[in-house]
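The values are calculated or read from the model by the stated rules, or taken from the named source; none is laboratory data. None of these values were measured; they are calculated from a predicted model. For neighbour counting, all protein chains shown are included, and Cβ atoms are generated from backbone atoms with ideal geometry for every residue, glycine included. To get the accessible areas, we keep the full protein, side chains included, count just its heavy atoms, and leave off ligands, DNA and RNA. Shrake-Rupley method; radii C 1.70, N 1.55, O 1.52, S 1.80 Å.
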Amino acid sequence: MESFEQYHHYSQNLLLAQHEVSEIIKHTLTRGEVREDFIIQYLTKSIQNCQAFLKRGFINFGDVDQSGQADLLLVKEYAEIIDLGNRGNVIVNPEDCLMMVEVKSTLTGRYLNELNVEAQRIKAANPNIVCGMFAYKSELEKRTIMKRCGYDFDSDTKTYFDSVREPSPIFYPYIDFILLLDKVEGDESEEDLEMQGRNQLFMRKGLEINDRYFKGTYDPVIRNLVGLVRSLLIR
């Protein structure tokens, strides 16, 4: 296994283990912030000099309106911000924001629908902001997620495909990526634990409303997030 591939496999397994350990924290908000910290730590260890651009907080829409609180924000160098003085929370203008990410323990259809609505609001202010979902596990089956991303399943070849002639509709046109680590429950058998990560996925979409989703390049999927953040920072 190549060195970087080995490193990212280790890092993805570490994120899954940290998610499990954080279950001892009973306060929901604190538990969520701790998990966000783990993701930020991974990104800052994997991308040189990116720590200053990773924030949490709100996107400013004008005199009276803001986005909901984003679990992760990627801001531009020299972005104008209001530092709220609490765990990296800021308010940033749309033109100074590169990406917003929702982090969920368990992915559900409701969470994806809510993010799609919020992303539509954000893109009305700046269509170039990348809006994405990061989840450790999912209530939805992989086939369901892929179907909602416009992919059909070929039972003969056991593969997913996006038909050019008869494309399936996309449920989440405003969500630019969906990243699922595919964590199994702690009380599963050893045989099931060996399956952990088999349903991992990273689906990326172009920023135009009619663009299609495409599958991530890297395995493990977490490395695709590093590639995305790097690409946004070096533009």
Completion exercise
(1) outside any strand (DSSP E or B); (2) within 17 Å of Leu115 (Cβ to Cβ); (3) touching a strand residue (DSSP E or B) at 6+ places or on another chain (Cβ under 7 Å) all hold for Met133 apart from (1)
Practice task
Go through segment 202-223 and give me each residue that's within 26 Å of Glu95 (Cβ to Cβ) and either of a type outside the set (Asp, Glu) or part of a helix (DSSP H, G or I) (or both).
Solution key: Arg204, Lys205, Gly206, Leu207, Ile209, Asn210
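Looking at Glu118, Glu166, Glu114, Glu139 in this structure, which one is free of Cβ contacts under 8 Å to residues at least 12 places away in the same chain and closer than 25 Å to Gln69 by Cα?
Only one candidate passes the filter, namely Glu114.
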Completion exercise
Considering segment 80-129, residues that are outside any strand (DSSP E or B), touching a strand residue (DSSP E or B) at 6+ places or on another chain (Cβ under 7 Å) and over 19 Å from Gly57 (Cβ atoms), and then whichever is most open to solvent (accessible area, probe 1.4 Å), we arrive at Tyr111
Fill in the blank from the handout: Counting only residues that are farther than 17 Å from Arg87 by Cα and open to solvent by 90 Å² or more (accessible area, probe 1.4 Å), segment 4-44 contains a total of 7
Problem - segment 139-164, subset of a type in the set (Val, Ile, Thr) and part of a loop (DSSP other than H, G, I, E, B), residue farthest from the chain's Cα centre (by Cα) - result: Thr157
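Which of the residues spanning segment 185-205 are open to solvent by less than 30 Å² (accessible area, probe 1.4 Å) and at pLDDT below 90?
Gly197
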